[in-house]
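The values are calculated or read from the model by the stated rules, or taken from the named source; none is laboratory data. Since the model is a prediction, treat every value here as computed from it, not as a measurement. Neighbour counts are summed over all protein chains in view; Cβ atoms, including those assigned to glycine, are modelled from backbone coordinates with ideal geometry.
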Amino acid sequence: MPSADLDEAPAATEATPRPRRGRSRRGKAEEGPRATFAQLLPYLFEHKRTLAVVIVLSILSAGASLVQPLLVGQVITRVQAGLDLGLLIWALVGFVILASLISGWQHYLLQRTGTAVVYSSRRRLIARILHLPISEFDARRTGDLVSRVGSDTTLLYAALTQGLADSVGNALLFVGALVAMAIIDPLLLGIIVLVIGISVLGVVTLSGRIRTASTEQQEKVGVLASGVERAVGSIRTVRASGATQREIDAVTTQATDAYTVGVRIAKVSALVVPIAGIALQVSLLVVIGLGGFRVATGALSIAALVTFIMFLFMLIAPLGSFFGAITSVSQALGALGRIQEVLDLPTESQDDAATAARVAARPAAEARASADQRTRPADSLLDSADLLGSAGLAPAIEFRDVRFRYPENVVAARRKAESEALAVLESAHVDTSTIVLGDGAGDSGLDGLADAAASVSADSDVLRGVSFSVPRGTRVALVGPSGAGKSTTLALIERFYDPTDGAILLDGTDVRTLDRDDLRAQLGYVEQDAPTLAGTIGDNLRLASPEATDAECEAVLRAVNLGEVLDRNPLGVDAPVGESGVMLSGGERQRLAIARALLAAPPILLLDESTSSLDGLNEQRMREAIDAVAAGRTLVVIAHRLSTVVDSDHIVVMEHGRVVGQGTHSELVQTTPLYRDLAKHQLLV
Ligand SMILES: Nc1ncnc2c1ncn2[C@@H]1O[C@H](COP(=O)(O)OP(=O)(O)OP(=O)(O)O)[C@@H](O)[C@H]1O
């Protein structure tokens, strides 16, 4: 990220999310984020030129409209006096046509501006969302983020076109009519202003309730989108679990929630319509009754009364639009609150400069002390100095007494997701006795599941003083039971999160002092069960290397044993893979993910092996693929099958966030009971 984006505020702890900034911070939880009208203005100012034209057109249109009652008054007066009308009628017709044409043009410009505001808010949101820290994705529901881009932004359009759009011209009409009526008969006007004033007060009071309900509705829509995403995204599992109807019911409940709030909004807005109607009717009755009396007493001419009544309509019509605008602007402010909440979140690299400065400013003595103090596992066979070899170069990657815990909001979200998953399984009468979630290593059954969910708590460190080195050009494997912290270790190297304590060094430099893009350019990362993107094989491969030629893609595919995928479709690299890669087998998808990372030719490759089981042939192909990618680079691989890593240069055994053994396969079999057990289980000793 460019340094201009960096925030100077020091982060207390990198792993702890900063409190959210911005004016739209969540107040009372049930009310949700709310925006102020002032926050809507920057969106309008982006289009100030068009809006200036709109205002000029509004003045012209209002002028052309306001002239009409005056001309009608003139016509009546002349007819009463038996005078020739001359060009008066033509002038009247001309002004009617002119006012209509101008308002058509103005309407177009405002619709276009509304669309542009939606477009720019979507662009800003997408750019911000894709730059958010990984913790935000871990803590939020994807569907909710998607609905902010899709649905909340649309409400801004309605506010501008139905609300603010009309208000600009109508305000002028309103003021013009008011002035003209004041000149014609101030007394009549005074009474009308009283009636209208009372109705405006009523509508403004209602608007607060509309805004609150609207924010709530948009939140319900977000929950609904998350529900749909969950059901559709896991459709195979849902079908296979016989849970289709239950998922439909769950999503329907969420849709009903949104509908209920929608009905509440409809009821409140419905009150606005009669209020406007009453205002019009009472005003008319007053004007006709009192006005007729004043004509009878000679205080007012007929022409003046007719003109006054025409102005009254010009006064009332904008009022109706204004009341409508209150509803749509209130809804827009609710939606804007949700948009602004995301836009106010700090980006991943916003605090990088401050973090890097803080890390770099650590006194040398302190850095040395922390390196000396680092806890070495008692059964560590290999000191990092040994691994460095005679050259004494800094290792490619080094963990120094790294401690880490996931931020509280992430832990809470994960716990919620786990208990939801548990509820679905229980309601599907699935035998949960064989399922282990989270770090439930050793736990089994429903109690184990609950324990596992409970164990993901804010006060538990996921890594507890991890130290190991990966010399350049070597292959290092991380092994250990589920939940030991292996995937988290790789996530910290990628800087998806920063350590709570300790340091991670790349070529001897603390990764927090490196530019994130530079750091990631050195790393190839294959996440566990890496997703295959819809599109072609080429689209998948070129994600990190958009410039790669077909020949380069083919070469890398053959290197990871995916040659046959190329051969079986004449389209080759342009062959589609289907939604989420359904046209590839599980093993092929894994190797495609490796090929993607490999194509970018990173000096360091981080490979989180898939937990899914592979048949013998696929496992062998995977081993060969790993051998191919290891050549000439540093490789850190998380292995779930020891067979993939027995010939690694170095194996780090992890358990409960600690390194409990390090060495080669044969050394670890001798020294580390946990490793010996794992090896025994997998028939390697
Ligand atoms: N995004 C997350 N939010 C909260 N807790 C997490 C998150 N990811 C992992 N954890 C927790 O951190 C601990 C270590 O998880 P991690 O995935 O690093 O283990 P692992 O050794 O890679 O396990 P596996 O072999 O099953 O992939 C577990 O308790 C897990 O529940």
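Worth a mention:
- Whichever residue in the stretch 650-685 is in a loop (DSSP other than H, G, I, E, B) and within 24 Å of ARG464 (Cα to Cα) and, among such residues, is farthest from the ligand (Cβ to nearest atom): THR664
- Any hit, the stretch 613-636, residues being within 15 Å of the ligand (Cβ to nearest atom), within 27 Å of PRO531 (Cα to Cα) and modelled with pLDDT of 90 or more: yes
- Candidates VAL582, VAL560: the one that is surrounded by 16 or more Cβ atoms within 10 Å (Cβ to Cβ) and either over 22 Å from LEU635 (Cα atoms) or touching a residue at least 24 places away in the same chain (Cβ under 8 Å) (or both) is VAL560.
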